[in-house]
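S.K.: Here it is, the structure, as structure tokens.
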Amino acid sequence: MRGIVSGRDQENIRDVEQLSGMFRDDDPSVVRALVAAGWFPRRRIDITSSVNFLEGAGFQLNGTALRVWEEFGELVIKSSADRVPASSLRVDPVDACIDALDEAVLLSRRLGQNYSPLGMWSVQFRSYIAADGKVIAVGTHTIWELGSSFTEAVTYVVTGGEDRVHRADWLP
């Protein structure tokens with residue numbers, strides 16, 4: 001990957017792999033998108049007010065969500081210019097999902113594990129992260145499986161891939 005990205009980006013790639021799972025080595029566009037969104041190695045934000053707000057609204061939050069919020073919270077990760085259609089992931093669980101407690105409970109019951117709010121995918125679909133790291137987005141009667149992990153979901157948001165939509169008639 002040397003020669004494709006700068007020395008600073010090379011450090012970021014190593015840190016992404018260590019801190020946030022394994023992003024594909026052959027596609028530095030993911031790291032570029034993270035850095036452009038404001039991410040940097042060892043980034044941490046205070047999520048206390050978000051946790052208090054969501055728990056106060058009745059959400060049961062999982063540890064995976066808390067770790068992702070701390071590192072990626074308040075970022076808007078945008079797709080590369082090559083991805084069609086364009087995509088984004090805004091990591092802001094309070095703004096995106098504060099009024100979606102019933103939906104989160106339904107997802108958790110139906111899918112068999114805790115789904116905590118994550119943010120918004122492509123500006124219009126609430127997204128959730130499961131205790132095991134799986135990331136989904138939800139629309140009317142529809143679920144998109146963005147990734148089996150947060151890193152896979154970010155890679156999908158930035159680079160695209162096969163359509164991951166599934167009909168879910170049990171969703172309102």
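The values are calculated or read from the model by the stated rules, or taken from the named source; none is laboratory data. All values reported here derive from a predicted model rather than from experimental measurement. Note that we place each Cβ from the backbone using ideal geometry, even for glycine, and neighbour counts take in every protein chain shown.
S.K.: One residue is enough: does segment 69-87 have a residue meeting the conditions assigned to a helix (DSSP H, G or I), exposed (fewer than 13 other Cβ atoms within 10 Å of the Cβ) and either free of Cβ contacts under 8 Å to residues at least 12 places away in the same chain or β-branched (Val, Ile, Thr) (or both)?
M.R.: Just the residues of segment 69-87 that are assigned to a helix (DSSP H, G or I), to begin with: 69-72.
Then keep just the ones that are exposed (fewer than 13 other Cβ atoms within 10 Å of the Cβ); that gives none.
The answer is no; no qualifying residue exists.
S.K.: Can you name the residue in segment 121-150 that is within 19 Å of PHE59 (Cβ to Cβ) and not hydrophobic (A, V, I, L, M, F, W, C) and is also surrounded by the fewest Cβ atoms within 10 Å (Cβ to Cβ) among such residues?
M.R.: Looking at residues that are within 19 Å of PHE59 (Cβ to Cβ) and not hydrophobic (A, V, I, L, M, F, W, C), I get ASP132.
S.K.: Sticking with this structure for a sec: Would you confirm, using the coordinates I've provided, whether VAL16 is modelled with pLDDT under 50 and either among the β-branched types (Val, Ile, Thr) or out of contact with any Asp or Glu (no Cβ under 7 Å at 6 or more places or on another chain) (or both)?
M.R.: Spelling it out, VAL16 is indeed modelled with pLDDT under 50 and either among the β-branched types (Val, Ile, Thr) or out of contact with any Asp or Glu (no Cβ under 7 Å at 6 or more places or on another chain) (or both).
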